[in-house]
Amino acid sequence: MPDFASCRQMMLLYLKARIPFISLRTDERDRALELFRSLASELNIPVYYHTLSQGIRDIATNRIVNEDRSAVGALDYASQQILQRQNLTFILTEVQDLEGDTPLSRQLLDLASSATERGGTVIVITTSSVWPRLQRQGMTLVLDAPNEDEMRSIVAECLSPYRGAVPIEWAEPEISEAATILAGVTRIEAENAIATFLAKGSILKSDLIELSRVKDRIFADIAGLERVKTSDKEVVVGGLAGLQAWLEKQRPLLTMDLRERGLRPPRGVLLVGVPGCGKSLSAKAIAISWKLPLYRLDLSNIHGQYLGQSEGRLKEALSTADRVAPCVLWIDEIEKGLAGAAGSNDGGTSTRLLGHFLYWLQEGRARVFVVATANDIGKLPPELFRRGRFDELFFVDLPDHSERQEIITLYARRYMHRDLSGAMLGELVDISDGFAGVDIDAAVAEIAKEAILKGDSMITDAYWRTVFTNIVPLSKTNPEAVENIRAWGRERAVPASGQPLAPEAGQQRARRNVLV
Ligand SMILES: Nc1ncnc2c1ncn2[C@@H]1O[C@H](COP(=O)(O)OP(=O)(O)O)[C@@H](O)[C@H]1O
Ligand SMILES: [Mg+2]
């Protein structure tokens, strides 16, 4: 990720080398102009820049050198001046239509040739890519949104003039947290957010929560990712205590500064297991309990029609996730998108998608916590389990005795607004042996519908028993499928329940994270 300092460093070299054409990709024109202003004074060279609102100015003095404000006028003027003035640098900030072979990109191509003769440099500041033929005349650089370090000084600079004038509760730790939240937004957006807080007359510690919402609004609709709204009332996970305890430990690591020790922030967790036992539910629960936005990446949507399209989409989605960090990135049923990477006959697309995903997972340093789930472990490419990718691999089994007790209690309270007697609860826990969480949810929901139709007083203990007895769980209809998943989970994953899995005859106890 090219930050301001490294971008400036490269640009300095390009300007010294008098590269005839440079494109700078950024969403932040003013920040880019600031970069050139400081370079112009360091190198002491003439630099002109054009904007539609102000025409052409000298960047050092801000003096107007040409009144013509149009882009065409700017190009004409640049063509004359570059031939007349040795070593002139000319910055165009608002030329559209440079992505393909257009009259403007042809004109720029000519301009770049003239620049070569006279030691001139033409720079375009643009948000999109440039016609390849033009781009080959020179170099391209990217200036990303401010990183956390820059953001820290941006926030501090916004606040410092107001200290003493309004109550400001943010000290170093809060400024760092604000910087972590804001990383990925542009400088102007960050300054606007802080200014809005200042305008209400104080900066409180509690404003940090609102700051996350502001960032959320900035990134409301982004390509490739779906923002999932969750409500903490609907998302309560029963059981899975081992997973919960592990997650508790990861949360602080996600926002701490680990760079000093050369460590990477937690990257995520892979949940595999029996369908309907709370994997997808857990993904949502993590985002809620960590107070982070939840984004869903649908890999089956990523697969595009044309060769190379899917990879582009995946790259875009993942880099967007990096930009909105810190966040939880939920990849549901990951086996569906990456399945059959080896030996599939899609021209290698799946293999390349998997390769890119693994690279991103392993090398990424953004605070994106991935929660991937999988039901069909047979289809999972083994590369996913290698160390250095996910931080942990959990196996989510059918709920055990005490987990069923928790889940039944949970849904009795939610749908029936009551607690069951100890004896009744014990009976239902026994009847529901082999149920998935989703089966328990369905049983209690059915009882609740009956209660709505006939009145709560008509719901007897016998009715509870009947409904529970009549449920046929997947572990009954397809015992082999469930047994396969369990056998696999016992071998390779950490039990999410926190309880060692009951060993099967002749089999070892659960072993953790075996590398393939
Ligand atoms: N451990 C659990 N606690 C509470 N509800 C659960 C649990 N497991 C499953 N459920 C219920 O079943 C539904 C489906 O579970 P889900 O997490 O989507 O299963 P999967 O493991 O297949 O992703 C959930 O929305 C929830 O209503
Ligand atoms: Mg699921």
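Observations, loosely collected:
Residue by residue, here is whether (1) within 9 Å of ligand 1 (Cβ to nearest atom); (2) among the charged types (D, E, K, R); (3) surrounded by fewer than 20 Cβ atoms within 10 Å (Cβ to Cβ) holds:
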{"residue": "LEU398", "(1), (2), (3)": "no, no, no"}
{"residue": "SER402", "(1), (2), (3)": "no, no, yes"}
{"residue": "TYR411", "(1), (2), (3)": "yes, no, no"}
{"residue": "TYR415", "(1), (2), (3)": "no, no, yes"}
{"residue": "ARG418", "(1), (2), (3)": "no, yes, yes"}
{"residue": "GLY422", "(1), (2), (3)": "no, no, yes"}
{"residue": "LEU425", "(1), (2), (3)": "no, no, yes"}
{"residue": "ALA443", "(1), (2), (3)": "no, no, no"}
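- Criterion (out of contact with any Asp or Glu (no Cβ under 9 Å at 6 or more places or on another chain) and free of Cβ contacts under 8 Å to residues at least 12 places away in the same chain) met by exactly one of ASP101, ASP97: ASP97
- Qualifying helices (runs of 4 or more DSSP H) (wholly inside region 381-486; at least 1 residues being of a type in the set (Asp, Glu)): 401-416, 422-431, 437-454, 461-470
- From the options ILE125, ILE154, ILE82, residue that is under 23 Å from LEU39 (Cα atoms), touching a Leu at 6+ places or on another chain (Cβ under 9 Å) and not in a helix (DSSP H, G or I): ILE125
- One residue alone among ALA374, ALA445 is at pLDDT 95 or above and either outside the structural domain of VAL237 (by TED's automatic domain parsing) or at negative phi (or both), and that residue is ALA445.
- When the criteria are applied in full, LEU281 fails the requirement of being away from ligand 2 (no atom under 16 Å from the Cβ), outside any strand (DSSP E or B) and surrounded by 18 or more Cβ atoms within 10 Å (Cβ to Cβ).
- Residue check: ALA241 meets all listed conditions (1) within 23 Å of the chain's Cα centre (by Cα); (2) closer than 21 Å to LEU398 by Cα; (3) aliphatic (A, V, I, L, M) but one, namely (1).
The values are calculated or read from the model by the stated rules, or taken from the named source; none is laboratory data. All values derive from a computational prediction rather than experimental measurement. Reconstructed Cβ throughout: ideal geometry from the backbone, glycine too, with neighbour counts over all protein chains shown.
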